[in-house]
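The values are calculated or read from the model by the stated rules, or taken from the named source; none is laboratory data. Predicted model, so just to flag it, every value in this text is computed and none were measured. Don't worry about glycine lacking a Cβ; one is built from the backbone with ideal geometry, like all the others, and counts go over all protein chains shown. Just so you know, the surface numbers come from the protein's heavy atoms only, side chains and all, with ligands and any DNA or RNA stripped out. Shrake-Rupley method; radii C 1.70, N 1.55, O 1.52, S 1.80 Å.
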Amino acid sequence: MLVTSKAILEASLQAYKKGQPFAIGAYNVNNMEQMQGIMMAAQEKKAPIIAQVSRGALKYAQDKYLINIIKSAAELAPEVPVAIHLDHGNSFETVKRAIDLGCTSVMIDGSLMEDSKTPSTFEYNVKVTSEVVKYAHDRGVTVEGELGTLGGIEDGVGSGQTHLTDPDEAVEFVERTGVDALAISIGTSHGAFKFKGEAKLAYDIIEKIRKLLPDTYLVSHGSSSVPAELVDQINKYGGKLEHAQGVPLEALKKAIAYGINKINVDTDIRLAATAAVRQFLVEHPEKFDPREYLKVSREAIANEIKKRMDAFGTGGHITDVPNWGLEEMKARY
Ligand code: G3H
Ligand code: 13P
Ligand code: ZN
């Protein structure tokens with residue numbers, strides 16, 4: 001069932017308010033097998049999901065292909081609430097195209113300029129985000145903004161500098177833009193190399209923002225946990241990943257307890273797929289049918305996502321999500 005991400009995130013926010021917090025995983029999708037793996041996990045765990053597409057993914061797969069794969073997945077599993085979300089939209093035009101193609105949720109990342117590298121000013125961020133909110137809300141589409149900048153650079157996304165989100169600025173930003181969800185910088189970064197030493201998150205920032213903005217959905221980007229067993233599996237079968245480190249699942253559980261509602265995961269899906277394909281090809285050098293190794297990668301993705309759903313507490317929550325599609329939301333905004 002295709003819904004807006006507001007419908008899904010509202011279930012998480014209400015649960016937090018009742019003292020039983022859980023979060024929604026937002027999983028990046030680049031191809032059919034990844035989406036199928038995510039859906040296998042969602043169906044087994046009875047978990048709502050946000051399927052998100054980056055600009056890189058839309059370019060790789062051709063945008064219409066990718067969005068229609070997600071739409072098909074939602075149609076084939078009517079019991080699972082699925083939102084199609086644009087990840088790190090960089091301009092009004094990118095967002096408009098995503099909405100026209102059927103995204104029920106968009107992110108405008110105005111923390112960076114259109115090149116997705118240069119940090120922007122607060123005023124620029126407010127301006128571009130407000131324009132997107134107006135266009136999106138008129139069409140029932142949910143909007144995520146970002147304030148503060150994450151460290152790390154992943155395929156051209158990120159400035160390499162970290163600025164943790166200022167709670168008072170977050171209040172002004174949400175009031176002036178009207179965003180539904182806010183990505184906050186709490187010490188995470190994109191990619192497989194997040195920390196040099198111990199993983200540290202700024203829980204105090206989540207706590208302050210949650211108190212000041214009780215009705216805004218809070219988002220943690222760069223939240224892959226980079227499991228050591230996947231890194232070891234990749235290295236064992238010919239890969240070379242050194243010093244990879246992610247956010248431990250225990251740290252994410254704590255962030256959820258402080259009020260995070262949406263957790264973005266991309267790198268873990270890449271690691272699971274690569275580890276499975278590497279092992280399969282080394283163990284079966286005679287095989288050359290892509291369906292055989294892509295099937296193995298799909299299963300590895302599903303397994304990894306099930307672990308996230310358990311850690312985030314998402315399982316069993318499909319019935320808590322109201323059936324808010326675009327028409328329903330248009331009437332609400
Ligand atoms: O935020 C970055 C995501 O991991 C997407 O990365 O642009 O390489 O698809 P990508
Ligand atoms: P990871 O690189 O930690 O998976 O983060 C993904 C992300 O934040 C996508 O927006
Ligand atoms: Zn991100």
Q: Return one number: the angle in degrees, 0 to 90 and rounded to the nearest 10, between the long axis of the Cα atoms of helix 63-76 and the longest principal axis of the Cα atoms of the chain.
A: 80
Q.
Quick check on the range 29-181: of the DSSP beta bridges with both residues there, what percent are antiparallel, nearest 5%?
A. 20
Q.
On a straight-distance basis, which aspartates and glutamates could pair with residue 96 in a cross-link, Cα separation under 15 angstrom, same-chain partners fewer than 8 positions away excluded?
A. 63, 87, 109, 114, 131, 138, 144
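Pop out the Kirkwood hydrodynamic radius of the range 55-193 from its pairwise C-alpha distances, inverse of mean 1/r, in Å to one decimal.
Values: mean 1/r = 0.0645 Å⁻¹.
It is 15.5 Å.
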Q.
Please list, by residue number, every one of the GluC sites (Glu not before Pro) in the range 230-307 that is coil in DSSP and has at most 13 other beta-carbon atoms within 10 Å.
A. 242, 286
Q: For the range 1-53, state which GluC sites (Glu not before Pro) are in a DSSP loop and have at most 16 other beta carbons lying within 10 Å of their beta carbon.
A: none
Q. Which of the residue pairs 59/196; 64/306; 253/307 have a Cα-Cα distance greater than 21 Å in the structure shown?
A. 59/196; 64/306
Q) Taking a 1.4 Å probe, which of 60, 27 shows the most accessible area, and what order do the others take after it? A) 60, 27
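Counting helices only, and only those DSSP H runs with n ≥ 4, report the 222 nm mean residue ellipticity of the chain as the sum of -39,500 (n - 2.57) divided by its residues, in deg cm²/dmol to the nearest 500.
-15000 deg cm²/dmol
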Q) Which percent of the Cα-Cα distances in the range 232-333 go past 23 Å? A) 47
Q.
Whole angstrom only: what separates the Cα centroid of the range 224-239 from the Cα centroid of the range 164-214?
A. 29
Q: Work from the charge dipole of the range 1-84 (Cβ charges, +1 for Lys and Arg, -1 for Asp and Glu, about the Cα centre) and give the residue of 13, 70, 56 farthest towards its positive end.
A: 13
Q: Determine one quarter of the surface area of the Cα convex hull of the chain, which equals its mean projected area, and express it in nm² to one decimal.
A: 15.2
(Q) Quick check for you: which residues of the range 16-39 have the amide N under 15 Å from the point 7 Å beyond the Cα of residue 284 toward its beta carbon? (A) none
Q | Cα-based Rg / Dmax (Å) for the range 165-207 | A | 12.9, 38
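Subtract the Cα-Cα distance of residue 333 and residue 229 from 0.36 nm times their separation in residues, and report this length gain in nm to one decimal.
Answer, rounded to one decimal: 32.9 nm.
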Q: Distance between Cα centroids, the range 1-62 to the range 242-300: provide it in whole Å.
A: 16
Q) How large is the Kirkwood hydrodynamic radius of the range 56-102, in angstrom, based on all distinct alpha carbon pairs? A) 11.4
**Q.** Apportionment of accessible area to carbon and sulfur, the chain, percent (1.4 Å)
**A.** 52
Q | Alpha carbon convex hull of the range 20-98, projected area averaged over orientations, nm² | A | 5.6
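Starting from the exponent 0.38 and prefactor 2.2 Å, build the expected Rg for the range 168-264 from its residue count and divide its actual Cα Rg by it. Display every interim value, and only then the final one.
Numbers: Rg = 15.7 Å, N = 97, 2.2 N^0.38 = 12.5 Å.
This ratio for the range 168-264 stands at 1.25.
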